[in-house]
Amino acid sequence: MLTLGIDTSNYATSLAVFDANAGEVVCDCKQFLPVRAGQLGLRQSDALFHHTAALPELLEKIGAGADLTRVGAVGVSARPRPVEGSYMPCFLAGLSAAAAFSAARGVPLVRTTHQQGHIAAALYAAAGADLFGREVLVFHVSGGTTDLLHCDAAGNILCLGTSQDLYAGQAVDRLGVRLGFAFPAGAKVSELAAACPEDIKPRVSVKGMNCSLSGLQNQYEQLLQQGCAPEYVCKYCLLCVAETLRRMAAAALGLHPGLPVVFAGGVMSSGLIRDYITRRMPGAQFVPGKFASDNAIGVSLLAAREVGAWPNTSASAR
């Protein structure tokens with residue numbers, strides 16, 4: 001059985017097809033939303049338009065890689081998070097497309113959230129089916145979240161900690177745009193940071209499992225004004241994010257010792273952050289970039305789980 005996943009986030013339009021019998025992602029595709037130079041994102045009305053325009057082309061593209069007549073369920077991220085009041089208009093484009101596909105094909109429509117999709121993709125990439133149905137700690141770190149989440153065996157999500165002000169992805173993107181890069185700028189910031197050979201000691205603000213990141217923007221603005229090289233400033237920014245997450249994780253493990261810790265979200269695509277944390281937390285689990293950044297893979301997995309098609313114990317975990 002195949003399941004189709006659709007995600008229309010604030011950053012990208014993405015689709016994925018998952019083979020529940022084989023436990024494998026058949027294909028996936030993604031298109032970033034166009035953002036004008038110097039801008040830090042899109043108005044929701046513009047994002048909704050671009051998603052609506054991109055979906056038919058991406059559906060045709062993914063149909064070339066998978067037999068969509070075999071799709072037995074379609075999943076969609078209908079809102080940002082599984083909490084009351086969570087809503088963004090950009091997800092209406094995906095919901096509309098998924099509902100139309102479901103009605104035309106006569107297959108179940110599974111509504112989930114963008115955050116749950118991120119978690120599912122990260123768990124799958126980290127350990128196949130092994131982490132599903134287990135208690136686990138997951139970081140969701142992006143332009144709209146810096147959340148430390150506790151997921152129980154039933155899949156319920158509890159937010160243990162978060163940023164009290166600026167999100168990690170916002171801090172990184174603002175620095176990148178400040179340096180002249182296009183939004184989202186995380187990849188360029190990571191590229192510059194990797195070119196800095198200097199040892200840097202980050203200064204962070206963490207209280208228990210919560211953090212504050214607004215000061216980070218002030219710090220890197222001061223460094224730029226003082227004439228520090230962009231490479232140095234980018235490395236400082238990413239290491240501050242890494243140390244912040246490490247301290248939050250340490251606090252969480254004090255309450256939940258021994259639990260796996262998985263890092264998801266676009267900011268977690270940074271090799272510098274991954275290396276910093278894994279050296280200090282050997283058990284931390286990071287995943288390949290396409291599973292960490294915005295994607296529809298997790299949504300397609302959740303659709304398969306909802307209809308009881310996966311995990312399939314007779315198939316491989318991956």
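Some points to look at:
- Members of the stretch 49-91 that are within 13 Å of Phe101 (Cα to Cα) and of a type in the set (S, T, N, Q): Thr69
- Residues of the stretch 270-289 classified as outside any helix (DSSP H, G or I) and of a type in the set (A, V, I, L, M), total: 3
- Verdict on Cys237 being within 21 Å of Ala264 (Cβ to Cβ), open to solvent by less than 30 Å² (accessible area, probe 1.4 Å), modelled with pLDDT of 95 or more and touching a Phe, Trp or Tyr at 6+ places or on another chain (Cβ under 6 Å): yes
- Any chance Thr69 is surrounded by fewer than 21 Cβ atoms within 10 Å (Cβ to Cβ) and either more than 21 Å from the chain's Cα centre (by Cα) or under 27 Å from Asn312 (Cβ atoms) (or both): yes
Each row is one residue, and each column tells you yes or no for (1) within 20 Å of Val136 (Cβ to Cβ); (2) hydroxyl-bearing (Ser, Thr, Tyr); (3) in contact (Cβ under 8 Å) with a residue 24 or more places away in the chain.
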residue	(1), (2), (3)
Ser212	no, yes, yes
Lys235	no, no, yes
Cys240	no, no, yes
Glu243	no, no, yes
Met281	yes, no, yes
Phe291	yes, no, yes
Val307	no, no, yes
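- Cβ pairs under 7 Å, 6+ apart, first in the stretch 79-102 and in contact (Cβ under 8 Å) with a residue 12 or more places away in the chain and closer than 13 Å to Gly117 by Cβ, second assigned to a helix (DSSP H, G or I) and among the aromatic types (Phe, Trp, Tyr): Arg79/Phe91
Residues are listed down the side, and each one gets a yes or a no for (1) in a loop (DSSP other than H, G, I, E, B); (2) more than 15 Å from the chain's Cα centre (by Cα); (3) more than 22 Å from Val76 (Cα to Cα); (4) not polar (S, T, N, Q):
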| site | (1), (2), (3), (4) |
| --- | --- |
| Met248 | no, yes, yes, yes |
| Ala251 | no, yes, yes, yes |
| Val262 | no, no, yes, yes |
| Met268 | no, no, yes, yes |
| Phe291 | no, no, no, yes |
| Asn295 | yes, no, no, no |
| Gly298 | no, no, no, yes |
| Gly308 | yes, yes, no, yes |
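- Only one of the numbered conditions (1) in contact with a Pro (Cβ under 7 Å, 6 or more places away or on another chain); (2) surrounded by fewer than 19 Cβ atoms within 10 Å (Cβ to Cβ) is not met by Arg105, and that is (1).
- Restricting Val35, Val17, Val25 to residues that are part of a strand (DSSP E or B), touching a Phe, Trp or Tyr at 6+ places or on another chain (Cβ under 7 Å), surrounded by 15 or more Cβ atoms within 10 Å (Cβ to Cβ) and not charged (D, E, K, R) narrows the list to Val25.
- All helices (runs of 4 or more DSSP H) inside the stretch 130-231 with 3 or more residues being crowded, with 19+ Cβ neighbours inside 10 Å and among the hydrophobic types (A, V, I, L, M, F, W, C): 168-178, 186-194
- Applying the condition of being among the polar types (S, T, N, Q) and surrounded by 23 or more Cβ atoms within 10 Å (Cβ to Cβ) to the stretch 270-301 and asking which residue is farthest from Ala185 (Cα to Cα) yields Ser300.
The values are calculated or read from the model by the stated rules, or taken from the named source; none is laboratory data. What you see is a predicted model; the values in this text were computed from it and never measured. Cβ sites come from the backbone with ideal geometry, for glycine too, and all protein chains shown count toward neighbours. Ligands, DNA and RNA are excluded from the accessible area calculation, which covers all protein heavy atoms including side chains. Shrake-Rupley method; radii C 1.70, N 1.55, O 1.52, S 1.80 Å.
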